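What follows is a set of notes on a single structure, which appears directly below.
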Amino acid sequence: MAILKPLVLVPQGTHIPFMGLHRLAMALSGTFVLLSLILAVTLGLNFGIDFRGGTLIEIKTGGPADIGDIRSKLGGLGLGDIQIQQFGEPDDVLIRVEQQAGGDEAQQTVIEKVKGALGENVDYRRTEIVGPKVSGELITEGVIAVLAAIVVILIYVWFRFEWQFSVGAVAALVHDVTLTIGIFSALQLEFDLSIIAALLTIVGYSLNDTVVVFDRIRENLRKFKSMPIVELLDKSINDTLSRTLLTSGTTLLAVVSLYVFGGEVIRGFTFAMIWGIVVGTYSSIAIASPLLIYLGVKRDWSRAGAAAPSGAAGRP
């Protein structure tokens, strides 16, 4: 009877000199983080109905949707900005109407006008109304949720490891979140509540990957007390590389499948997840770990207050 062997993506003894490229990686990351911030300020985010307020109507036509005909029917209703988008099947259409003055009654009037213009031959699958007060609260609470997650992670990693590891982990998380916001701003993809959920998921995923690498670094710091810090970090990353690639690869397979076959409703969420997995894996190796070189990690903190031996955290 044949014995199944475990899947190994990276051969034992692999030694990729990641730290030799850490200056280039950190320079590129710094550039893209700055560019993301500039894009977020200048272009802004394409906020969805959740954050801008307004009405969303999902319809299914009797045959392939004629977007031009739908636009001409709704264009004369005097409802302001109307976005019409085909998604999923050829007969699936999303209609977004900007927030109307006059409260909830005005938003209900929007639905009635749209239904009157499109007639009875259309199947109305979903209608959503978000008022301006609710949308403002959602923006505030979304920002608080992301910031609170990062602060809690800072405290957790500090207690689990040391403050140097905590700073490295949080720097990687801020890097991942900023680049995700930057790509959404650059591509003007719709940014709604599902993207906030994706950002929180990315934070958790990136942290998990970073903690695995950090745990091996801590183990090697105790085990190889005379090994240069750059060589030790390279060894730790290579030791966990197979696990990192296997986890990222299998997760990507699932998320890419959802992106392709999951439909328009979760398209933004799955795109954010794909992007977040890629940059999260990268930041665990190229951002979080190299920062330990400059922050001066201890060789052995098993004794409280023990000072690191001389030369333990040499510069590259």
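Every number in this text was worked out from the coordinates using simple rules, so none of it is lab data. Being a predicted model, the structure only gives us computed values, none of them experimental. Reconstructed Cβ throughout: ideal geometry from the backbone, glycine too, with neighbour counts over all protein chains shown.
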Exercise. What is the distance, in nm, between label points placed 7 Å from the Cα along the Cα-to-Cβ direction at residue 105 and at residue 27?
Worked result: 6.4 nm
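Would you list 114, 152, 211 from fewest to most Cβ contacts within 10 Å? Don't jump to the answer; show the numbers that get you there.
Values: 114 23, 152 11, 211 19.
Fewest-to-most Cβ neighbours within 10 Å comes out as 152, 211, 114.
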Exercise. Amide H of residue 192: which non-local residues (sequence gap of 5 or more, or other chain) have their own amide H closer than 5 Å, using H built in the peptide plane?
Worked result: 48
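Can you put 210, 247, 240 in order of Cβ neighbours within 10 angstrom, beginning with the fewest? Before the final figure, lay out the partial values.
On the way: 210 28, 247 17, 240 21.
Placing the least packed residue first, the sequence is 247, 240, 210.
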Exercise. Considering only the other residues whose Cβ falls under 15 Å of the Cβ of residue 170, what net charge follows from Lys and Arg at +1 and Asp and Glu at -1?
Worked result: -2
Seminar exercise, completed: Going residue by residue through the stretch 179-194, the Karplus relation 6.51 cos²θ - 1.76 cosθ + 1.60 with θ = phi - 60° gives ³J(HN,Hα) values, rounded to whole Hz and with x marking Gly or Pro, of 5, 5, 4, x, 5, 5, 6, 5, 8, 6, 6, 5, 10, 10, 4, 5
Seminar exercise, completed: Most exposed to least, judged by fewest other Cβ atoms within 10 Å, 158, 163 sort to 163, 158
Exercise. Hey, got the dipole for the stretch 54-130? About the Cα centre, +1 on K and R Cβ, -1 on D and E Cβ, debye to the nearest 20?
Worked result: 100 debye
